[in-house]
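The values are calculated or read from the model by the stated rules, or taken from the named source; none is laboratory data. Fair warning: this is a prediction, and the values are worked out from it, not measured in the lab. With ideal geometry, Cβ positions are generated from the backbone for all residues, glycine too; neighbour counts draw on all protein chains shown. Remember, those area values only see protein heavy atoms, side chains included, never the ligands or the DNA or RNA. Shrake-Rupley method; radii C 1.70, N 1.55, O 1.52, S 1.80 Å.
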Amino acid sequence: MKVKVLSRNPDDYVRETKLDIQRVPRNYDPSLHPFEVPREYTRALNATKLERVFSKPFLASLDGHRDGVNCMAKHPKSLSTILSGSCDGELKVWNLTKRECVRTLQAHEGFVRGMVVRFCGTSFFTVGDDKTIKQWKMETPGYGEEEEPLNTILGKSVFTSIDHHQKEGVFVTCGQQVDIWDEQRSSPIRSFSWGVDSFSCVRFNPVETELLASCASDRSIVLYDMREATPLKKVIMNMRSNTLCWNPMEAYNFTCSNEDYNLYTYDMRYLDKPFTVHMDHVSAVLDVDYSPTGKEFVSASFDKTIRIFPKDSGHSREVYHTKRMQHVISIKWSSDNKYILSASDEMNIRLWKANAAEKLGLLAPREKAAVNYSQKLKDKFQHHPQIRRISRHRHLPKSIYSQSKELRVMKEARRRKERNVRKHSKPGSMPVVTEKEKHVVTVVK
């Protein structure tokens, strides 16, 4: 009689040591798992609900200024250092880890209009209402030493903004004109003006370091090349742009914050229309800053809120507000992509999480795996109506909610009127103007 004996290789299922993970044979054949999708859907729904439950973006408030905070600057080498300048000319250096002010100095008479840290992190520059550019040492002076600037340049008019080159000892200021300065000289090495009485903001391109852009008071955005004697070109919009920020990952793209409640992302090679219009704010947008990954940017508005937009989306993915926060003047996204700093009218700097539901601190490997898994599930089911509704829902202050509703009604009425006019006009006499084309007046080269 033959006896059949089951034999299997113990290497396939026995652990080598007791510290190893047990091997479990799995068959991934979908016909054996008929309830996999409903199970994943339930998990995605729960993950979305928990994300909304744990969304606590506000981390800390840094107070100490005696007037509204007008501008901020990040340190290029240190994540925990931030500089802020206020409307009474006072400048503070903060340590974000300890959440305290480590240095205070009286930088200017009147407003501090702009500040920037040198690319090496050893010194920083400030401009103010007293028509001066001052360079200061980054390290705190020793005991008994006076708080003196390393260098002071007196200009002819008030400077409104300053930015530093990424690699060389060159910086740019703007006021009545755009001036490029060498750190070793007390007069500008080049000045640009294009029939404009004043500029509000100027920024170096972080990738193509010779390029810069500025926002002017005649509703235009002007582009320059440092190696040329004249500006490259400008785009004139319907309303004035307050600030702009270059995308740190895509050399030709920049986003500007406008007075007409929107933000516009342009490709500098095709200025005839923006390639994205970002709408959601209900008042003028005052400042904008990109995340270091270049995938998102954050905007600060006069309507007392901060919004985070994906760079190619027309609507924000997140809105932050508090009862005490007033008009947000300045905004910065930290260099590690985790935090957002906002400076507002009521003398406070606030620290927020860039990802509202993110758990801070070190995560255990299993926690990381769970977070990644739930994120993948949310991405997989993001278009399901229930999950979409929960993930998009935000509580807004009553005033902002009613204003946005009103703006929607006005926009719809305008659209309806255009449709009716087109319907009763001669065919072709009323061309359709897209939302992107509406806001640009002309491009001048």
Sort 395, 315 from largest to smallest accessible area, using a 1.4 Å probe on the heavy atoms of the protein chains. 395, 315
When the helix-only estimate is applied to the chain (DSSP H runs of n ≥ 4, each -39,500 (n - 2.57), divided by the residue count), what is the mean residue ellipticity at 222 nm, nearest 500 deg cm²/dmol? -5500 deg cm²/dmol
Quick check: the angle from helix 36-53's long axis to the longest principal axis of the chain, C-alpha only, nearest 10 degrees? 40 degrees
In straight Cα distance, which aspartates and glutamates are under 17 Å from residue 417, not counting same-chain residues fewer than 8 positions off? 406, 435
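For the range 203-250, what relative contact order do you get, as a whole percent, if you take Cα pairs closer than 8 Å and at least 6 residues apart? Walk me through the numbers before you get to the answer.
Working: 88 pairs, mean separation 18.1, N = 48.
Over the range 203-250, the number comes to 38 percent.
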Using Cα atoms only, what is the angle between the long axis of helix 365-380 and the major principal axis of the chain, expressed in degrees (0 to 90) to the nearest 10? 80 degrees
Cα-based Rg then Dmax for the range 79-193, in Å, read 14.0, 45
Loop-located chymotrypsin sites (Phe, Trp or Tyr not before Pro) in the range 1-45 whose Cβ has at most 13 other Cβ within 10 Å (DSSP): 13, 28, 35
Once the mean 1/r over all distinct Cα pairs of the range 116-259 is inverted, what Kirkwood radius in angstroms do you read off? 15.8 Å
Residues of type aspartates and glutamates that residue 436 reaches as a straight line, Cα spacing below 14 Å, ignoring anything fewer than 8 places off in the same chain: 260, 267, 272, 312
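Treat the chain as a sphere of radius equal to its Kirkwood radius over Cα pairs and apply Stokes-Einstein at 4 °C in a medium of 1.567 mPa s; give the translational diffusion coefficient in µm²/s, rounded to a whole number. Please list the in-between numbers first.
Working: Rh = 24.8 Å.
Estimated diffusion coefficient is 52 µm²/s.
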Gaussian network model of the chain, Cα springs within a sub-10 Å range: biggest mean-square fluctuation belongs to which of 396, 271, 341? 396
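For the range 327-445, what is the Kirkwood estimate of the hydrodynamic radius, computed as the reciprocal of the mean inverse distance between distinct Cα atoms, to one decimal in Å?
About 20.1 Å for the range 327-445.
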Positive-end extreme of charge dipole, the chain - chosen from 266, 334, 282 (charges on Cβ): 282
As I understand it, the value is the acute angle between the Cα axis of helix 398-423 and the longest principal axis of the Cα atoms of the chain; what does it come to in degrees, rounded to 10? 80 degrees
Take the Cα coordinates of the range 1-160, assign each an equal point scatterer, and use the Debye formula without solvent to give log10 I(q)/I(0) at q = 0.09, 0.16 Å⁻¹. -0.56, -0.97
When you take every Cα atom in the range 38-114, what is the radius of gyration, and what is Dmax, the widest Cα pair distance, in Å? 19.5, 65
Length released on extending from residue 37 to residue 419, taking residue separation times 0.36 nm less the Cα-Cα span: 133.1 nm
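Which of the trypsin sites (Lys or Arg not before Pro) found in the range 7-71 are loop residues per DSSP with 16 or fewer other Cβ atoms within 10 Å of their Cβ? All intermediate terms of the calculation are to be shown ahead of the outcome.
Working: sites: 8, 15, 18, 23, 26, 39, 43, 49, 52, 66; in loops: 8, 15, 18, 23, 26, 66.
When the trypsin sites (Lys or Arg not before Pro) of the range 7-71 are filtered for loop state and at most 16 Cβ neighbours within 10 Å, 8, 15, 18, 23, 26, 66 remain.
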What is the spin-label model distance, in nm, from residue 368 to residue 184 if the labels are put 7 Å beyond Cα along the C-beta direction? 4.8 nm
Probe 1.4 Å, all protein chains in place: accessible area of residue 218 in Å², nearest 10? 50 Å²
When the chain is modelled as a GNM with alpha-carbon springs shorter than 10 Å, which of 170, 282, 371 fluctuates the most? 371
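Quick check on my link table: of 137/167; 311/378; 92/137; 167/233; 295/353; 234/304, which ones sit more than 22 Å apart, alpha carbon to alpha carbon? It would help to have the intermediate numbers written out before the result.
Numbers: 137/167 18 Å; 311/378 20 Å; 92/137 13 Å; 167/233 25 Å; 295/353 16 Å; 234/304 30 Å.
Violating the 22 Å Cα-Cα cut-off are 167/233; 234/304.
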Whole-percent carbon and sulfur share, accessible surface of the chain, 1.4 Å: 52 percent
Sequence neighbours fewer than 8 away in the same chain don't count; with that in mind, list the aspartates and glutamates whose C-alpha is under 19 Å from residue 426. 418
For the range 362-407, Kirkwood radius (reciprocal of mean inverse C-alpha pair distance, Å): 13.2 Å
Name the most mobile residue of 423, 359, 398, meaning the one with the largest mean-square fluctuation, in a Gaussian network model of the chain with Cα contacts below 10 Å. 423
So if each residue of separation counts as 0.36 nm, and I subtract the Cα-Cα distance between residue 129 and residue 60, what length gain in nm does that give? 21.8 nm
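Based on the Kirkwood radius over alpha-carbon pairs, what value in µm²/s does the Stokes-Einstein equation return for the translational diffusion coefficient of the range 1-66 at 20 °C and 1.002 mPa s? All intermediate terms of the calculation are to be shown ahead of the outcome.
On the way: Rh = 18.6 Å.
Using the Kirkwood radius from Cα pairs, D works out to 115 µm²/s.
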Plugging the Kirkwood radius over Cα pairs into Stokes-Einstein for the range 219-312, at a temperature of 37 °C and a viscosity of 0.692 mPa s, what D comes out in µm²/s? 244 µm²/s
